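Trainee: Before anything else, here's the structure in question.
Read-outs: derived from the displayed coordinates by stated rules, not from any lab. Computed from a prediction, not measured in an experiment: that's the story for all the values here. Please note: Cβ atoms are built from the backbone with ideal geometry, for glycine as well, and neighbour counts cover all protein chains shown.
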């Protein structure tokens, strides 16, 4: 009897040990979807399939070393730039292929698909993540005061940036300094005083810089044609707003005078652009010169940089956790671990065998300057590339403190119910051919006078009104007021 009991106990113990051992070895797979324009993903990668790459193998080996109860399987989805509804269809395809996918890029046009991460951010690991994200950057990336994505911090601040050819600036310093703090006054100065010469263009591009020109007073709502006026936080249609109408008129006058090469021989214009024979450049900068060291030496030598006074935090890229995920805890642990573990970030950004020299990676990619370079890792923790400041993390945190929230508008609005209308508005704008071709030297759609430009703007305003722009603006305004 005792012998049988001993045998039973031994067998029971072995079964129990086997069960425990099996349980310990159970590893869940986290399905992580990323955009197909991440720099290291092969262009021929079939959408919605697993990416086979040595860096992913290295990440999983490291996760195993850390005794994490999961591994990661990275899939790719195609970015549809033509319209938001097609982008929505790409997301629907993700769900069709992987109904319980865990991680995806957070986008405001599929907001409802993601869980709120506030409870996770209040955990010890979540609080570690918070320490790796500059304070203003974290706040700027919330949706109505709540976290829906684990932010990949890159740029510290957003501000206007003016580059003026050094010799020209030195010869006209007093006049330029008197107006450079006001975009409209600066443009008016060029319009009145600049004389086009064959050896230079004033600029190679007026039309696509409208958002930058209005940056100091207006903030663009991502994925829409609308803006928020900083002064009173009102959503506006730029084709009705007096300040924008004044800008369109002024840019059109300058374009018609040939300041961007409109009437120049195509080959001559392209030659000047290739030589960087441009007197004036204006853009909204996310990359202070102290942080990024990639500009050609000729630009450093031949241009004077004049930065704008307004400094606001940058709304950056981040990944969220899908509501239908069966492994939400593990998915957050993965994203949080990447943001706090330099080894994981280096593996995802640079791969398993980065080429190092003097403490920097010689890959030539500009990880700190694009939302599609190294988005899966925390670039501030990773090695600096040859194009980056070795103390990039300290610099980003210091610059974040200079940002002001007073004039910042959190435009992280939910667009899920407006996609069809917004696509309709964008189609109307694109077909108007006002600004896309205003700089062009081609005959197609070429606008020959400022009067014609403004007539098309007025027609466009009426088309947007008829299409229901006012209703969408009211919906956006309601969200912003809730945010406020």
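Trainee: What per residue convex hull volume, in Å³, do the alpha-carbon atoms of the range 132-243 yield?
Mentor: That works out to 173 Å³ per residue.
Trainee: So what's the gap between the Cα centers of the range 37-78 and the range 309-339, to the nearest angstrom?
Mentor: The range 37-78 and the range 309-339 have Cα centres separated by 17 Å.
Trainee: Still on this structure, I have one more. Length gain on complete extension for the stretch residue 211 to residue 471, per 0.36 nm per residue less the alpha carbon to alpha carbon distance?
Mentor: Using 0.36 nm per residue and subtracting the Cα-Cα distance, I get 91.3 nm.
Trainee: If you don't mind, another one. Taking the mean number of other Cβ atoms within 10 Å as a proxy for protection, how do you rank 253-259, 403-409 from highest to lowest?
Mentor: Per-residue Cβ counts within 10 Å, averaged per peptide and sorted highest first, yield 253-259, 403-409.
Trainee: Quick one: 305, 65, fewest Cβ neighbours within 10 Å first, how do they rank?
Mentor: With the sparsest Cβ surroundings first, the list reads 65, 305.
Trainee: Given Cα pairs under 8 Å that are at least 6 residues apart, what percent is the relative contact order of the range 128-244?
Mentor: Contact order relative to length: 12 percent.
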